[in-house]
Structures are given as structure tokens and as C-alpha cells.
1. Which residues, taken from region 90-117, are under 19 Å from residue 149 (Cα atoms) and free of Cβ contacts under 8 Å to residues at least 60 places away in the same chain?
2. What pairs come out if I take residues in region 185-203 that are farther than 12 Å from residue 223 by Cα and pair them with residues that are acidic (Asp, Glu) and in a helix (DSSP H, G or I) whose C-beta lies under 7 Å away, six or more apart or interchain?
3. Across region 16-38, which residue is modelled with the highest pLDDT among those that are among the aliphatic types (A, V, I, L, M) and closer than 21 Å to residue 72 by Cβ?
4. Working only within region 171-212, note down all residues that are among the polar types (S, T, N, Q) and part of a helix (DSSP H, G or I).
5. Testing residue 52 on (1) touching a residue at least 40 places away in the same chain (Cβ under 8 Å); (2) surrounded by 14 or more Cβ atoms within 10 Å (Cβ to Cβ); (3) of a type outside the set (D, E, K, R); (4) out of contact with any Pro (no Cβ under 8 Å at 6 or more places or on another chain), one condition comes back false. Which one is that?
6. Please go through region 1-24 and pick out each residue that is touching a residue at least 24 places away in the same chain (Cβ under 8 Å), assigned to a loop (DSSP other than H, G, I, E, B) and either in contact with a strand residue (DSSP E or B) (Cβ under 8 Å, 6 or more places away or on another chain) or of a type outside the set (D, E, K, R) (or both).
7. Kindly provide the set of residues from region 43-85 that are outside any helix (DSSP H, G or I) and either basic (Lys, Arg) or over 16 Å from residue 139 (Cα atoms) (or both), ordered by number.
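The values are calculated or read from the model by the stated rules, or taken from the named source; none is laboratory data. The structure displayed is predicted, hence computed values, not measured ones. Note: ideal-geometry Cβ built from the backbone for every residue, glycine included; neighbour counts use all protein chains shown.
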Amino acid sequence: MPSQILVVGSSNTDMVVKAEKLPAPGETVIGGTFLMNPGGKGANQAVAAARLVDSSAGKSVTFVAKVGNDIFGRQALSGFEREGINTSYVLTDADYPSGVALINVDASGENCITVAPGSNANLQPGETEAALQATESDALVLLQLEIPLPTVEYVIREAARRGCRVILNPAPAQPLPADLFPHLFLITPNETEAELLTGIRVTDPATAEQAARKLRDMGVKNVVITLGSKGAYLYTAEQKGQVIEAPPVKAVDTTAAGDCFNGALSVALSESKPLPDAVAFACKAASVSVTRMGAQASVPYRNELESSVFSSQ
């Protein structure tokens, strides 16, 4: 039976403008297209996991988050329920509005994002306790860094103490306490995040190996450094460095590609796939997502991914 997946993190509403170019400081770019989509790294990863999990196995994805008592929060909650996510631990904040992200996307799919965290910044450590108590000991617990760091630290330590496998997507990049790393089953930084955590600039497989080895030395059991269109670099005690390539695609929007990757990776690991196979599965899912606009809207479903051209690559 697949393991339970618990995602703890942020929920935002993404307001997206797609234009030919990203504006420089002080510049106004005219001619864009506006979209409003559900987003937030935690929510994106929960939706990705829910869409890619084998529903016939009877295991649900549980999401822990906090939204505002406003239209954005109500829409987010309804969306999670439509995706089949267990929302028992999604709280409503009476004091703070729901989180909002302003996203610019250029013609090549590159983006820049500004986030107003709102209620996400008010998710307190104790408010995650009920979900942790209801989580099975072999569960996968997935977190990011768009909620308060004390809450992230609390969940990581408690989940690890209970025997869960903890996956940290250290995004947005920020320094982390040194004693947190030994509690992690897996960390999934991109090149920028890996450099911030290790001081090693990741530009190729050799420097990816240096950064991954340093993260292992810091106590993390397994390391996956995502490399965008190049795929991902896997480093474990048994697998001393391997580049797992992503299927080549034409990207139109890279928003939430990393979130799709992490949600898919969690699903594959919950099904006891070996890490190289799990990373390959995640690369395929992320490659599909970048061919579409939006955050959660871009995430493929399990049957869609298996029937796509990527399933044979």
C-alpha cells in the first residue's frame, strides 16, 4: 500500500501577466494577458500530489495551511476539495487576508514573482499538531519555506521523531539552522537554493556533486538538485551522483514547475519507487507542466502523464 502524503505549506492566489518581456526596474510593459489562478508552493505541491497519486489505492493527500476569511480563501478551499485533498487541517484566519502572488511571465516562459504572504505568515507551530498526530508513522511529509520558519522547523522535527520521511523543498531560498538537516530524508533545492545553503555555485554536474556532497555532510540523507530543463541531479549514499534528464519540451510558463516536481516525487516515493525512478517520474511531470500556463492549472493528472508522449521516454 502507498504511504500517506502530508503537505504543509502556503496557499496563494496567483495574479499573472504574460507579456513579451519582463519589466526592468521602473519600466512599464504594455500588451500583456491577465490570468488569475490558485497557487502557493504548498498548495501547488498538494494539488500535484493529489492529481498524480494512484486513487485506486485509497490513500488521500492531506494539506495543512492557513487561508484568509475572504473570497480568495473560500475559492482555495473549494479547489482543494474538488481535487480530493483532505482539507481537515486547512485553517481560516480571522485577522489576516489570504496570500497573493503577483507573477510576470515573458514569451520564453521565464517569470518573476512577488508574494504578499498574508495568512500564510500566521500559520503557527501548534496549529500543525493535530495533523501530525493523525499522520501514519511511514508517511511522507513535504514542506517548503513560504510559511514561518519556526513552523517548518517544528513540523520537520516532530515528523522525523514520529518516523516519517521528511522532504524539504527549500524555496524561497533562505538560510536554515544547521541542526535541522539531519532530520531530512530528502532535500530538493534548485541551483540557486543549493548555492545559498552550501556556498557552492552550481553550474554543471561537477559543481552539483560538490553541493550535494556538502548537503550530505550536513546530515541530509538524500539530495536532489533540480536543474530546470536539464533535469535533476541525484546524490545518495548508494547513488554517488547521477543526472536524470528531463524530456525536451517547449516551455511556455515555468511557474510551479518545481512544485509539480516535488509533488510528483512524493507520490513516486510513497509508492516505494527507487529514488532514480522517482526522480525520473517527477521530471516527466514537471516537463508536462511547463508546456502550460498557470500554477495548479498546469499540473498533469496521473492518467494524462502515463498516456503522454513522455511515458515512453
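1. 91, 93, 96, 114, 116
2. 201/195; 202/191; 202/195
3. Out of the qualifying residues, it is 17.
4. Those that are among the polar types (S, T, N, Q) and part of a helix (DSSP H, G or I): 192, 198, 207, 210.
5. (4)
6. 1, 2, 3, 4, 9, 10, 11, 19, 22, 23
7. 59, 65, 66, 67, 68, 69, 70, 83, 84
Condition check ((1) of a type in the set (Phe, Trp, Tyr); (2) surrounded by fewer than 21 Cβ atoms within 10 Å (Cβ to Cβ); (3) assigned to a loop (DSSP other than H, G, I, E, B)) across all residues:
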residue: 234; (1), (2), (3): no, no, no
residue: 237; (1), (2), (3): no, yes, yes
residue: 253; (1), (2), (3): no, no, yes
residue: 263; (1), (2), (3): no, no, no
residue: 267; (1), (2), (3): no, no, no
residue: 273; (1), (2), (3): no, yes, yes
residue: 279; (1), (2), (3): no, no, no
